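Each reported figure results from applying straightforward, stated rules to the coordinates on display, with no laboratory input. Keep in mind that what you see is a predicted model, and the values were worked out from it rather than measured. With ideal geometry, Cβ positions are generated from the backbone for all residues, glycine too; neighbour counts draw on all protein chains shown.
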Amino acid sequence: MAVMATVFVLSHNLQVVATDVPSLTPDELAQGLQQHPQINKAEPLQHPHWMVRLEAELSPAELAHVVPVAWRSLRREAGHAHNHAVLALGGRKDSAGAPGSPLQEGCWGVDVVETTDAQAFLAAINWEGLKQSRPADGVFEVITTA
């Protein structure tokens with residue numbers, strides 16, 4: 001059985017303060033992520049929070065693991081440091097999206113976080129508490145380290 005396209009709408013939370021880990025534009029992110037063979041489409045967004053819309057013929061769980069790997073590849077190929085943690089924290093949008101928002105019902109909002117201390121970041125945002133308010137199949141976290 002074929003998997004329907006999964007849509008992730010990505011934001012970027014850069015917690016690493018270093019000249020060799022610069023912030024990225026939506027265009028740079030889309031171009032870099034599009035290079036990953038499992039990502040079918042990566043489009044830059046013009047939105048104050050959401051930066052890139054991804055589509056892939058993968059399950060949400062599979063795409064959740066692809067995103068940090070693709071993000072690391074993007075950093076590596078750009079010559080940026082990539083020895084910090086990359087987190088993908090996602091939640092499925094189970095209600096109608098705001099008019100004009102790229103995050104619509106059925107899509108996944110995913111915050112990609114770059115940090116030197118993943119556990120401290122998760123504690124600071126009360127991630128465990130945030131997950132409690134969501135259905136188990138409507139939220140994920142993937143943490144990759146160098």
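A compact table of results
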quantity	calculated
Given (1) in contact with a strand residue (DSSP E or B) (Cβ under 9 Å, 6 or more places away or on another chain); (2) over 24 Å from residue 125 (Cβ atoms), index of the condition residue 67 fails	(2)
Residue identified as under 17 Å from residue 14 (Cα atoms) and not hydrophobic (A, V, I, L, M, F, W, C) among 106, 100, 90	90
Strands (runs of 3 or more DSSP E) contained in segment 82-146 and holding at least 3 residues within 15 Å of the chain's Cα centre (by Cα) and among the small types (Gly, Ala, Ser)	85-92
Residue pairs meeting the criteria (Cβ under 6 Å; at least 6 apart or on separate chains; first hydrophobic (A, V, I, L, M, F, W, C), in segment 59-85; second part of a loop (DSSP other than H, G, I, E, B))	66/38; 70/36; 81/20; 81/21; 85/145
Filter result for residue 132 (surrounded by fewer than 16 Cβ atoms within 10 Å (Cβ to Cβ) and either of a type in the set (Phe, Trp, Tyr) or closer than 26 Å to residue 20 by Cα (or both))	no
Criterion: outside any helix (DSSP H, G or I), under 15 Å from the mean Cα position of the chain (by Cα) and either surrounded by fewer than 16 Cβ atoms within 10 Å (Cβ to Cβ) or on the phi < 0 side of the Ramachandran plot (or both) - qualifying residue of 64, 30, 70, 42	42
